[in-house]
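Q: Mind having a look at this structure? Questions to follow.
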Amino acid sequence: MSFPISSGLLDAVVLSVLEQEDAYGYRITNLVRSRLDISESTLYPVLRRLEKNDFLTVYDRAIDGRNRRYYAITPAGRKQLEDYRRDWHVYRNGIESLLFSGGRQ
């Protein structure tokens, strides 16, 4: 069984991938797909949404005579990632409480 992945969770995952270093779309896609069962085309709308919300910046770099589009996390993106991580801990703890102890503490 597979659980649906929300857009907020995908945003958090992409921001966390870019927290360490800038990357191009195909690389980001491969890193995420190595852990989550998502289609290859799923992440490009996520990248556009994050850019639109000023959580990412985009620049081109010439590689072997072709331009490759790179994504970089912004300070606002780092702040958003902190918020996502805080929310994730609360969410995860609540779900685990229900799944493993029926909500009893």
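What follows is calculated from the coordinates using simple rules that are stated; it is not laboratory data. As the structure is a prediction and not an experimental result, all values here were calculated from the model. Neighbour counts run over all protein chains shown; Cβ positions are idealised from the backbone, glycine included.
Q: So which residues in the stretch 30-75 are hydrophobic (A, V, I, L, M, F, W, C) and either touching a residue at least 40 places away in the same chain (Cβ under 8 Å) or in contact with a strand residue (DSSP E or B) (Cβ under 9 Å, 6 or more places away or on another chain) (or both), if there are any at all?
A: Passing the criteria: LEU31, LEU47, LEU50, PHE55, LEU56, VAL58, ALA62, ILE63, ALA72, ILE73.
Q: Among the numbered criteria (1) within 10 Å of the chain's Cα centre (by Cα); (2) in contact (Cβ under 8 Å) with a residue 24 or more places away in the chain, which single criterion is violated by SER2?
A: Unmet for SER2, out of (1) within 10 Å of the chain's Cα centre (by Cα); (2) in contact (Cβ under 8 Å) with a residue 24 or more places away in the chain: (1).
Q: Filter the stretch 5-42 for residues that are of a type in the set (Gly, Ala, Ser) and under 19 Å from ARG69 (Cβ atoms); which is farthest from the chain's Cα centre (by Cα)?
A: Restricting to residues being of a type in the set (Gly, Ala, Ser) and under 19 Å from ARG69 (Cβ atoms), the top hit is SER41.
Q: While we're looking at this one, here's another question. Say whether the condition of being of a type in the set (Val, Ile, Thr) and within 11 Å of the chain's Cα centre (by Cα) is met by at least one residue in the stretch 43-63.
A: yes
Q: I'd like the full set of residues that are farther than 17 Å from ILE28 by Cβ and in contact with an Asp or Glu (Cβ under 8 Å, 6 or more places away or on another chain), limited to the stretch 54-91.
A: ALA76
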